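Trainee: Supplied in structure tokens, the structure appears directly below.
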Ligand code: TYD
Ligand code: MG
């Protein structure tokens, strides 16, 4: 009889080992193994053939697909258009949704707001803050909903007993890392504890048909703690992100069993809570009247939403032997690559200069179509020649200095047109199948950096 009472588990990927190991053989992280106590004892036979002793009459049985009732799939509409959009059209009954994000980004605010504005009973479970703290936050949001119940408890059995009695329309858990199940001995926040608590909540959600939102912390590496474990258990994973120094917040879908993962929600953090931003472009373009060098507007698409974003570059003569490079909202390595392309293919002397790059609103942009705006902003600052404010850009830049086509070009052009731009620079390879006469905006095409240079700065 083998008694497995203690195991060692990786806090990063959840792999287990009988002994402590310095480097996880699964994810390659160092020093992530912690000891965990499992109190279940199983015999060797039970472990090898667990189905042998099972009662064939008990438990679920296979059902032919046509016999399954579609059931009540009526989604619960959140009082928040952005959240509904990200979830794929509302909250699915009995679903388990994980919302991750860095501390202080606004996860508790987002979900408390949902709880306050929803028209049904909501149970908000907090293991992190006291009732008074939550009350103070509700005061800031400016809502005192009588149907919003606060429970400060961390024991899952007690929480679920209360939840069953209250029978709310939605349960919010703030946060999964503070919960502990009495069936497991390890510390709250440990891998087995998080897994067990999430599992209990999932079973409760499925059985009661009450949707549950889990708030999850992010580890210092930027992933949701125990993410690999939770990602399998939950139905949807949302990530709340943004730069702490700016007010914009983006809610991204990482996984969604009930909708697309291309959706994106945008919020602005204000003194009285989060405000939805249905029209991001209008905010991400700075309202300035005069033409200043170093600024260019990119027609990007994040998720499925076109967004016009201003990029700003400052290129100034370096006083150090190693010039400085800094970027907010953009990958520093990609900036380095674009500078190398400009240097090698267009002969522009960035190596003597410090380069600072800023994306408006502190929003992180992954869309490669922002490249053309960035190199235009860089050249504009270097040459000190302003780009007229009626021009925007949408193309990727390749390593040999070629201007590459990007997806959904028509959507980008339409958005630029809608916002009153009169010229858009795109790749000449994007022209295929595009009828420029259909748009009320001048479409200018470029194939190489030199052509862009000629058109704007020569
Ligand atoms: P919080 O929701 O506690 O973040 P998280 O749960 O992700 O850790 O709030 C984060 C920040 O938001 C906090 O620093 C204060 C700020 N805030 C506002 O600016 N306006 C508000 O109305 C509220 C409630 C918070
Ligand atoms: Mg919080």
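Every number in this text was worked out from the coordinates using simple rules, so none of it is lab data. These figures come from a predicted structure and were not determined experimentally. Note that each Cβ is placed from the backbone with ideal geometry, even for glycine, and that neighbours are counted across all protein chains shown.
Trainee: Can you give me the convex hull volume of the Cα atoms of the range 140-185, divided per residue and expressed in Å³?
Mentor: 92 Å³
Trainee: Please report the spacing between the Cα centers of the range 351-372 and the range 259-338 in Å, no decimals.
Mentor: A separation of 7 Å, based on Cα centres.
Trainee: Ranked by Cβ crowding within 10 angstrom, fewest neighbours first, how are 408, 333 ordered?
Mentor: 333, 408
Trainee: Where the centroid of each part is defined by its Cα atoms, how far is the range 386-441 from the range 63-108 in Å?
Mentor: 36 Å
Trainee: Also: Only counting other Cβ atoms within 10 Å, I'd like 250, 150 sorted with the fewest neighbours first.
Mentor: 150, 250
Trainee: Could I get the Rg over Rh figure for the range 322-458? Both from C-alpha atoms, Rh via Kirkwood, rounded to two places.
Mentor: Working: Rg = 14.6 Å, Rh = 15.4 Å.
When Rh is taken as the Kirkwood radius, the ratio is 0.95.
Trainee: If you average the sequence gap of Cα pairs under 8 Å that are 6 or more apart and divide by the length of the chain, what percent do you get for the contact order?
Mentor: Taking the mean separation of contacting Cα pairs over the length of the chain, I get 12 percent.
Trainee: Which value in Å is the Kirkwood Rh of the range 1-144 over different Cα pairs?
Mentor: Averaging 1/r across every pair of different Cα atoms and inverting gives 20.7 Å.
Trainee: Project the alpha carbons of the range 81-278 onto their principal axes and report the range along each, largest first, in whole Å.
Mentor: Principal extents (largest minus smallest coordinate, Cα): 43, 36, 29 Å.
Trainee: Taking a quarter of the surface of the convex hull around the Cα atoms of the range 264-369, what do you get in nm²?
Mentor: Working: hull surface 34.2 nm².
About 8.5 nm², averaged over all directions.
Trainee: Still on this model: Rounded to two decimals, what is the ratio between the C-alpha radius of gyration of the range 146-252 and 2.2 N^0.38 Å?
Mentor: Dividing the Cα Rg of the range 146-252 by 2.2 N^0.38 Å gives 1.12.
Trainee: Starting with the fewest neighbours, write out 301, 173 ranked by other beta-carbon atoms found within 10 Å of each beta-carbon.
Mentor: Taking fewest neighbouring Cβ atoms as first place, the list is 301, 173.
Trainee: Rg to Rh for the chain: what is it, with Cα atoms only and Rh by Kirkwood? Numbers along the way, then the final one.
Mentor: Values: Rg = 26.4 Å, Rh = 25.2 Å.
With Rg and the Kirkwood Rh in hand, the quotient comes to 1.05.
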